[in-house]
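My questions will all concern the structure given below.
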Amino acid sequence: MSTGVVVGPDGLARCPWGLEAESMEDYRRYHDTEWGHPVHGDDALYERMCLEAFQSGLSWLTILRRREGFRAAFADFSIAEVAAFTEADAERLLADPGIIRNRAKISAAIGNARVAAEWAPGELDAFIWSYAPDGARRAPRTAADVPGTTPESTALAKELKKRGFRFVGPTTAYAMMQACGLVNDHLAKCHAREAA
């Protein structure tokens with residue numbers, strides 16, 4: 001795989017992962033329309049936190065292709081609804097082939113909703129966005145220039161854990177920051193960089 005931008009069949013330069021051959025359309029759509037675009041709202045950020053946690057150790061493509069299954073299984077990631085899930089709901093999720101059936105990750109998703117449900121409306125959004133780096137960063141030129149963690153993601157993960165959230169280590173926190181537009185890690189010549 002190339003480490004710099006790759007020009008797709010449509011003539012647009014993209015980050016190399018946005019054009020992986022086996023799944024070009026899925027990744028291209030996500031790369032072009034979602035990744036790096038600012039996401040706000042408690043439920044929307046909770047969804048991204050959950051999906052990044054479920055992705056840990058797996059391909060992002062696996063998550064993208066099961067995203068609608070996750071939304072159906074987790075009540076469209078409504079914090080209030082997931083916080084009210086019972087043990088029977090957890091068992092239902094463990095049997096749901098539309099999601100990743102990992103007991104620890106399911107438990108974390110429910111537990112994280114319960115923590116977030118105790119916060120005031122908008123507080124999770126404001127909290128997560130308070131960790132966005134100040135000022136513009138230099139655009140990465142190659143995939144090798146994109147970090148796996150940053151001081152901000154490490155601090156965010158530490159504070160989330162301190163407040164009771166699980167499955168939110170520094171790498172997962174940084175992936176969420178990238179996906180939700182807290183940072184713009186589209187490569188310098190990627191057409192989506194300016195749109196994000």
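The values are calculated or read from the model by the stated rules, or taken from the named source; none is laboratory data. Keep in mind that what you see is a predicted model, and the values were worked out from it rather than measured. Virtual Cβ from ideal backbone geometry, glycine too; neighbours counted across all protein chains shown.
Checking the conditions here, which among R114, R103, R92 is loosely packed, with under 12 Cβ neighbours inside 10 Å and either modelled with pLDDT of 95 or more or acidic (D, E) (or both)?
Values: R114 fails: loosely packed, with under 12 Cβ neighbours inside 10 Å; R92 fails: loosely packed, with under 12 Cβ neighbours inside 10 Å.
R103 is the lone residue from the list that is loosely packed, with under 12 Cβ neighbours inside 10 Å and either modelled with pLDDT of 95 or more or acidic (D, E) (or both).
Sticking with this structure for a sec: Against the definition (buried (at least 20 other Cβ atoms within 10 Å of the Cβ), closer than 20 Å to H37 by Cα and not polar (S, T, N, Q)), how does L160 come out, yes or no? Don't jump to the end; show me each part of the working.
Values: buried (at least 20 other Cβ atoms within 10 Å of the Cβ): yes; closer than 20 Å to H37 by Cα: no; not polar (S, T, N, Q): yes.
The answer is no for L160.
Can you pull out every residue in segment 112-154 that is of a type in the set (A, V, I, L, M), in contact with a helix residue (DSSP H, G or I) (Cβ under 7 Å, 6 or more places away or on another chain) and within 25 Å of G4 (Cα to Cα)?
Let us first name the residues in segment 112-154 that are of a type in the set (A, V, I, L, M), namely 113, 115-117, 120, 124, 126, 128, 132, 136, 139, 143-144, 146.
Then keep just the ones that are in contact with a helix residue (DSSP H, G or I) (Cβ under 7 Å, 6 or more places away or on another chain); that gives 113, 116-117, 124, 128, 143.
Result: A143, single match.
Report the residue count in segment 108-138 for those that are among the small types (G, A, S), assigned to a loop (DSSP other than H, G, I, E, B) and within 15 Å of A80 (Cβ to Cβ). Outline the logic, then answer.
Initial filter on segment 108-138 (among the small types (G, A, S)): 108-109, 111, 113, 116-117, 120, 122, 126, 130, 132, 135-136.
Filter again for assigned to a loop (DSSP other than H, G, I, E, B), leaving 120, 122, 130, 132, 135-136.
From what's left, within 15 Å of A80 (Cβ to Cβ): 120, 122.
Qualifying residue count, segment 108-138: 2.
Also: Touching a Cys at 6+ places or on another chain (Cβ under 7 Å) and either on the phi < 0 side of the Ramachandran plot or modelled with pLDDT under 95 (or both) - does that describe any residue in segment 159-182? Before you say what the answer is, go through the steps one by one.
From segment 159-182, those touching a Cys at 6+ places or on another chain (Cβ under 7 Å) are none; that's our starting set.
Taking every residue of segment 159-182 in turn, none turns out to be touching a Cys at 6+ places or on another chain (Cβ under 7 Å) and either on the phi < 0 side of the Ramachandran plot or modelled with pLDDT under 95 (or both).
Can you confirm whether segment 123-137 contains a residue that is in contact with a Lys or Arg (Cβ under 7 Å, 6 or more places away or on another chain) and touching a residue at least 60 places away in the same chain (Cβ under 8 Å)? Spell out the reasoning first.
Residues of segment 123-137 in contact with a Lys or Arg (Cβ under 7 Å, 6 or more places away or on another chain): none.
Scanning segment 123-137 turns up no residue that is in contact with a Lys or Arg (Cβ under 7 Å, 6 or more places away or on another chain) and touching a residue at least 60 places away in the same chain (Cβ under 8 Å).
Separate question: Could you tell me whether P133 is loosely packed, with under 15 Cβ neighbours inside 10 Å and within 22 Å of Q178 (Cβ to Cβ)? Don't jump to the end; show me each part of the working.
Numbers: loosely packed, with under 15 Cβ neighbours inside 10 Å: yes; within 22 Å of Q178 (Cβ to Cβ): yes.
It is true that P133 is loosely packed, with under 15 Cβ neighbours inside 10 Å and within 22 Å of Q178 (Cβ to Cβ).
Return the total of residues in segment 155-196 being over 25 Å from A13 (Cβ atoms), touching a helix residue (DSSP H, G or I) at 6+ places or on another chain (Cβ under 7 Å) and of a type in the set (S, T, Y).
Of the residues in that region, 1 qualify.
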